[in-house]
Amino acid sequence: MTSESASNHESRITNHDDAIRIDVVSLFPDFIDQAAAVGVVGRARERGLLSLEGWNPRDYATGNYRRVDDRPFGGGPGMVMLLDPLLATLAAARAADPAPARVIYMSPQGRPLTQAKVRELAQLPRLILLCGRYEGVDERLLASEVDEELSIGDYVLSGGELAAAVVVDAVARLQDGALGDVESAVQDSFEGDGLLDCPHYTRPVEHALGRVPDVLLSGNHAEIAKWRRQQSLVRTLERRPELVDEAALGKADRRLLAAWRAGQGD
Ligand code: 9D3
């Protein structure tokens, strides 16, 4: 049996041929390393499911000053990252492994990162995440070296490093074997349902901040499941209405919503 076709449990926990390699090009490579040292991602690295390496353009800059940026043509504030140090850094990162790499520029001009994109990236053998600082990189780099641009949302960061750390985290936890049994079970039970999570409670039942809802103490698992589903539906409609197409809900969901609305007096 080849390692490719091996599919028993033993091989799934020992064969990491499909581990992902992520290289991060950044003027602050230590930052990503720190973010990826703990929790699920740290464990994925320990298990060999993810390898992560930082590449600093400063190390590939030439001249006495090792410049990595310069003033923008056309004038204006800020600096632009120079082509040559980035080209040399990318070449070094690519050469570190023969597998083809998807090169992603973390940028406010990118398409928004979604869980669908994370799932796509998690299946690739290699990613190179390019982090900009200052006003960003020389546009000519994008056409020749970059496969796509990704943003993590409509707010202003100081550079691409936090965004790259977000990609590393989201991609690492989808690697086979990265999550513990409990985390995997939770992930499975919510996969594809597209709703926000229900509220969670733990001990004590009675507290100055309030009491745990009775239904969760009832031991009636069907009622508990219905309550949780109802909470998820209501929260999603209230907080993220764009995530739910009410007309496309099934009969059971529409009943749960109607029951909740009746109880609210509207
Ligand atoms: C204040 C600078 N802005 C001039 C109008 C433009 C700008 C340049 C560089 C804004 C942000 C940045 C640095 N941001 C990123 O590198 C970045 C980012 C982000 O800021 N928000 C969401 N996702 C990302 S991915 C990379």
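Rule-based calculations on the coordinates, nothing more; no lab input. These numbers were taken from a predicted model, which means no experiment stands behind them. Note that each Cβ is placed from the backbone with ideal geometry, even for glycine, and that neighbours are counted across all protein chains shown.
With both residues required to sit in the chain, DSSP beta bridges show an antiparallel share near 15%. Amide H contacts under 5 Å for GLY54: VAL24, restricted to partners 5 or more places along the chain or on a different chain, H placed in the peptide plane at 1.01 Å from N.
How far, in nm, would the chain grow between TYR65 and TYR201 when pulled straight, counting 0.36 nm per residue and subtracting the alpha carbon separation? Can you show the working numbers first?
Numbers: separation 136, 0.36 × 136 = 48.96 nm, distance 5.69 nm.
Value of the extension gain: 43.3 nm.
Whose amide H sits under 5 Å from the amide H of ARG67, counting only residues 5 or more places off or on another chain, with H placed in the peptide plane? The answer is THR62.
By how many nm would the segment from ASP154 to VAL182 lengthen if fully extended, with 0.36 nm per residue of separation less the alpha-carbon distance?
On the way: separation 28, 0.36 × 28 = 10.08 nm, distance 3.30 nm.
Length gained between ASP154 and VAL182: 6.8 nm.
Each Cα pair under 8 Å and six or more residues apart adds its separation to the average, and for the chain the resulting relative contact order is 19 percent.
Starting from the Cα gyration tensor of the range 107-162, take the square roots of the eigenvalues, sort them a ≥ b ≥ c, and report rounded, prolate or oblate (rounded when a/c is under 1.5, otherwise prolate if a/b is larger than b/c, else oblate). Show your work: numbers first, answer last.
Details: a/c = 1.99, a/b = 1.25, b/c = 1.59.
Here the range 107-162 falls in the oblate category.
Computed from the C-beta positions of ARG211 and GLN115 and an R0 of 41 Å, the FRET efficiency is 0.75 to the nearest 0.05.
Once you compute Rg and the Kirkwood Rh from C-alpha atoms, what is the Rg to Rh ratio for the chain? Write down the numbers at each step before the final one.
Details: Rg = 23.5 Å, Rh = 21.9 Å.
Using only Cα positions, Rg/Rh for the chain is 1.08.
Subtract the Cα-Cα distance of ALA95 and ARG254 from 0.36 nm times their separation in residues, and report this length gain in nm to one decimal. Before the final figure, lay out the partial values.
Values: separation 159, 0.36 × 159 = 57.24 nm, distance 5.52 nm.
Using 0.36 nm per residue and subtracting the Cα-Cα distance, I get 51.7 nm.
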